[in-house]
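Q: Before I ask anything, let me first share the structure, which is written out below as structure tokens.
The values are calculated or read from the model by the stated rules, or taken from the named source; none is laboratory data. Everything quoted here is computed from the prediction, not taken from an experiment. So basically every Cβ, Gly included, is an ideal-geometry build from the backbone, and we count neighbours across all protein chains shown. For the accessible areas, the whole protein counts, side chains as well, though only heavy atoms, and no ligand, DNA or RNA atoms are used. Shrake-Rupley method; radii C 1.70, N 1.55, O 1.52, S 1.80 Å.
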Amino acid sequence: MPDRLILGQCLFYDADPRQAGPDGLRHTSRGAVLVRAGQIIETGEADALRAAHPQAEITDHGDALIVPGFVDAHAHYPQTAIIASWGKRLIDWLNTYTFPEEMRFDDDAYAAEIASLYFDLILANGTTTVASYATIHPASVDAFFAEAKARNLRALAGKTCMDRNAPKGLRDTAQSAYDDSKDLVAKWHGIGRLSYIITPRFSPTSTPDQLSALGALWAEHPDCLMQTHLSEQVDEIAWVRDLFPDARDYLDTYEAHGLLGANGVFGHAIHLEPREVDRLAEVGAALVHCPTSNTFIGSGLFDMKLADRMRVGLATDTGGGSSFSMLRTMAAAYEIAQLRGHALHPAELLWRATAGSAEALRLDDRIGSLKPGMEADLCVLDLASTPAIAQRAARADDIWEALFPTIMMGDDRAIAQVYVAGDPRG
Ligand code: GUN
Ligand code: ZN
């Protein structure tokens, strides 16, 4: 395979925008990314790289903007077909829409069909890595990973474990959750670009025995991530208090069972107590902000200032989230921060949807930025994908003003091209 030289506007992440501000991201209007065997070899100015690599096969994206492929740090691929279901809040939404749909995944063919559809949808939206929950069925994990592997995608997932407060047919046991998850770790973790995540759904659907069993499994596989939900809705927190009367708070229901650590990834985390924030920061756990979900099912306004103290990724939370698009997700994150009194810069929004999510998933040494040595997962954005966006971007004085209309109003039409490990897709 010859080297591939991909040309366009580029944003290179020289420094973390949390410390360096927007200047941490370097814009070049005629940039280039040199790709070989699935990896980024060199980045820089187009003219210089063309001269240095005359044999490279050139793809010129003109004025389109090359950014890292988006990284969705929390999603539920089995909820693809029930996205945008009307009128419920979390617990009712789970019982009315989610659990009946997840039951359908005892049919392996259905799981394979939805996994394929799901990856089509996220790739069309520029997402090249996702961390997904599967269902309780081990074969739903197989379907997800088989599809990701066939597409050579970097992807993460785990069997969702539940042994109470879920319908018959959607419950495992403490022992079977441990055994099945352990088998799936052996089968998929570290195979190619795939990682297994230990996945208790949330405290209300696991007995203390099941949480302990999964805590024990995590202790045996500390290099695995552990993902779960935390403090998403006020009613849910009250329910957790009833179910775990001895716990200091919601986080304690995980910590007491070995499910709090530096490789823990906690979705939502909206209504945290000060003790929970201190403890999460102390152990170095990550949070995931799911803004379209938090508005759609009425959960609350995540505090992005928490990102000063710990890693925070960004995610769709499909299908509690109302979109497959990380552009739409960035827009919702912007709106929520505005409602809390501060404006997130487009540099921070983009960084969080790429490098920030990669960092939350402990993958920032492989994906999430355009740097030599990184895997060549790229997204090429058309900054004038609709007439409304084009007329606003035409007035822009700098790259941030040019990008922001696409963040706020863009959708899959803005995705001009995706590269997965250097291969063009779509
Ligand atoms: N809490 C427990 N399960 C879920 C889920 O599937 N989606 C969301 N948004 N919250 C949850
Ligand atoms: Zn979720």
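Q: Over the Cα atoms of the range 7-152, Rg to Rh with Kirkwood Rh, two decimal places?
A: Over the Cα atoms of the range 7-152, Rg/Rh equals 1.11.
Q: Ratio of the range 41-117's C-alpha Rg to 2.2 N^0.38 Å, to two decimals? Write out the running numbers ahead of the final one.
A: Numbers: Rg = 22.0 Å, N = 77, 2.2 N^0.38 = 11.5 Å.
Against the empirical 2.2 N^0.38 Å value, I get 1.92 for the range 41-117.
Q: Explain nothing, just the number: relative contact order of the range 155-299, from Cα pairs under 8 Å at least 6 residues apart, as a whole percent.
A: For the range 155-299, the relative contact order is 21 percent.
Q: Report, in cubic angstrom per residue, the convex hull volume of the C-alpha atoms of the range 305-399.
A: 143 Å³
Q: Additional query: Alpha carbons only, please: Rg and Dmax for the range 76-120, in angstrom.
A: In order Rg, Dmax, the Cα atoms of the range 76-120 give 10.9, 30 Å.
Q: Mind checking the dipole of the range 239-347: about its Cα centre, +1 per Lys or Arg Cβ, -1 per Asp or Glu Cβ, Debye to the nearest 20?
A: Values: 9 positive and 13 negative charges, 73 e Å.
Its charge dipole is roughly 340 debye.
Q: At a threshold of 8 angstrom on Cα-Cα distance, excluding pairs fewer than six apart, so keeping six or more, what relative contact order does the range 79-151 reach in percent? Please list the in-between numbers first.
A: Numbers: 44 pairs, mean separation 24.6, N = 73.
After rounding, I find 34 percent.
Q: Now a separate question. Say each of residue 173 and residue 223 gets a label point 7 Å from the Cα, pointing the same way as Cα to Cβ; how far apart are those two points in nm?
A: About 3.2 nm, to one decimal.
Q: Rounded to a whole number, what % of the accessible area of the chain do carbon and sulfur atoms account for, probe 1.4 Å? Could you put the intermediate results ahead of the total?
A: Details: 7670 of 15430 Å².
Of all accessible area on the chain, carbon and sulfur atoms account for 50 percent.
Q: Any idea how far apart residue 238 and residue 88 come out in nm if each label point goes 7 Å out from Cα toward Cβ?
A: 1.9 nm
Q: Now for a separate question. Give me the Kirkwood hydrodynamic radius of the range 292-333, using the inverse of the mean 1/r over all pairs of distinct Cα atoms, in Å to one decimal.
A: In the range 292-333 this quantity evaluates to 10.7 Å.
Q: On to the next question. Quantify how much of the Cα-Cα distance distribution of the range 359-425 extends past 13 Å, in percent.
A: 67 percent
Q: Oh, and also: Treat each spin label as a single point 7 Å out from the Cα along the C-beta direction, and report the residue 164 to residue 371 distance in nm.
A: Reported label-point gap for residue 164 and residue 371 is 4.5 nm.
Q: Through the Karplus equation 6.51 cos²θ - 1.76 cosθ + 1.60, θ set to phi - 60°, convert the phi angles of the range 303-318 into ³J(HN,Hα) values in whole Hz; use x for Gly and Pro.
A: 9, 5, 5, 4, 5, 6, 10, 7, 5, 9, x, 10, 7, 7, 6, 3
Q: Mind putting together the pair-distance distribution for the range 103-155? All Cα pairs, 5 Å bins, whole percent per bin, short to long.
A: Using 5 Å bins, I get a P(r) of 4, 23, 34, 23, 12, 4 for the range 103-155.
Q: May I ask for the distance between the Cα centers of the range 145-174 and the range 294-329, given as a whole number of Å?
A: Rounded to whole Å, the Cα centres lie 21 Å apart.
Q: Give, rounded to the nearest 20 debye, the magnitude of the charge dipole that the chain has about its Cα centre when Lys and Arg contribute +1 at Cβ and Asp and Glu contribute -1 at Cβ.
A: So the magnitude is around 300 debye.
Q: How big is Rg to Rh over the range 323-370, alpha-carbon atoms, Rh as the Kirkwood inverse-mean-distance radius?
A: In the range 323-370, Rg relative to Rh is 1.02.
Q: Using the reciprocal of the averaged 1/r over all distinct C-alpha pairs, how large is the Kirkwood radius of the range 189-264 in Å?
A: 12.9 Å
Q: Next question, about the same structure. Using the Karplus curve 6.51 cos²θ - 1.76 cosθ + 1.60 with θ = phi - 60°, what ³J(HN,Hα) values do you get for each residue of the range 225-235, in whole Hz, with x for Gly and Pro?
A: Rounded to whole hertz, the list is 6, 10, 10, 7, 9, 8, 6, 8, 10, 4, 4.
Q: Kirkwood Rh over alpha-carbon pairs of the chain, then Stokes-Einstein at 4 °C and 1.567 mPa s: what D in µm² s⁻¹, rounded to an integer?
A: 60 µm²/s
Q: Can you give the extra length, in nm with one decimal, that the chain gains between residue 96 and residue 39 once fully stretched, where that is 0.36 nm per residue apart less the Cα-Cα distance?
A: 16.1 nm
Q: Assuming a strict under-30 Å limit between Cα atoms, what lysine pair count do you get for the chain once near-sequence pairs (fewer than 8 apart, same chain) are dropped?
A: Lysine pairs, 8 or more places apart or on different chains, close enough: 13.
Q: Mind listing the Cα extents of the range 19-70 along all three principal axes, in Å, largest one first?
A: Extents along the principal axes: 39, 22, 19 Å.
Q: Right, something else. Across the range 390-404, in residue order, what do the Karplus-derived ³J(HN,Hα) couplings come to in whole Hz, using 6.51 cos²θ - 1.76 cosθ + 1.60 with θ = phi - 60° and x for Gly and Pro?
A: Once θ is set to phi - 60°, the couplings for the range 390-404 become 4, 5, 6, 5, 5, 8, 5, 9, 8, 5, 5, 5, 6, 7, 4 Hz.
Q: Does the range 79-192 come out rounded, prolate or oblate, given a ≥ b ≥ c as the square roots of the eigenvalues of its C-alpha gyration tensor, rounded meaning a/c under 1.5 and, failing that, prolate meaning a/b above b/c?
A: Since a/c reaches 1.5 but b/c is at least a/b, the shape of the range 79-192 is classed as oblate.
Q: For the range 217-353, what is the accessible area per residue in Å² when the probe is 1.4 Å?
A: 33 Å²
Q: Place +1 on the Cβ of every Lys and Arg and -1 on the Cβ of every Asp and Glu in the range 161-317, take the dipole about the Cα centre, and give the residue among 228, 197, 161 whose Cα lies farthest towards its positive end.
A: 197
Q: Okay, moving on. Only Lys, Arg, Asp and Glu count, each charged at its Cβ (+1, +1, -1, -1), so figure out the dipole size of the range 262-325 about its Cα centre, rounded to 20 debye.
A: About 80 debye.
Q: Give the relative contact order (percent, whole number) for the range 216-349; include only Cα pairs under 8 Å separated by 6+ residues.
A: Working: 211 pairs, mean separation 26.9, N = 134.
Relative contact order, the range 216-349: 20 percent.
Q: Which residue, chosen from 302, 358, 343, occupies the Cα position most advanced towards the positive end of the dipole of the range 256-369, where the dipole is computed from +1 (Lys, Arg) and -1 (Asp, Glu) charges on Cβ about the Cα centre?
A: 358
Q: Tell me which trypsin sites (Lys or Arg not before Pro) from the range 258-325 have a DSSP coil assignment and no more than 15 other beta carbons within 10 Å of their own.
A: 309
Q: More than 18 Å apart: what percent of Cα pairs in the range 215-367 qualify?
A: 57 percent
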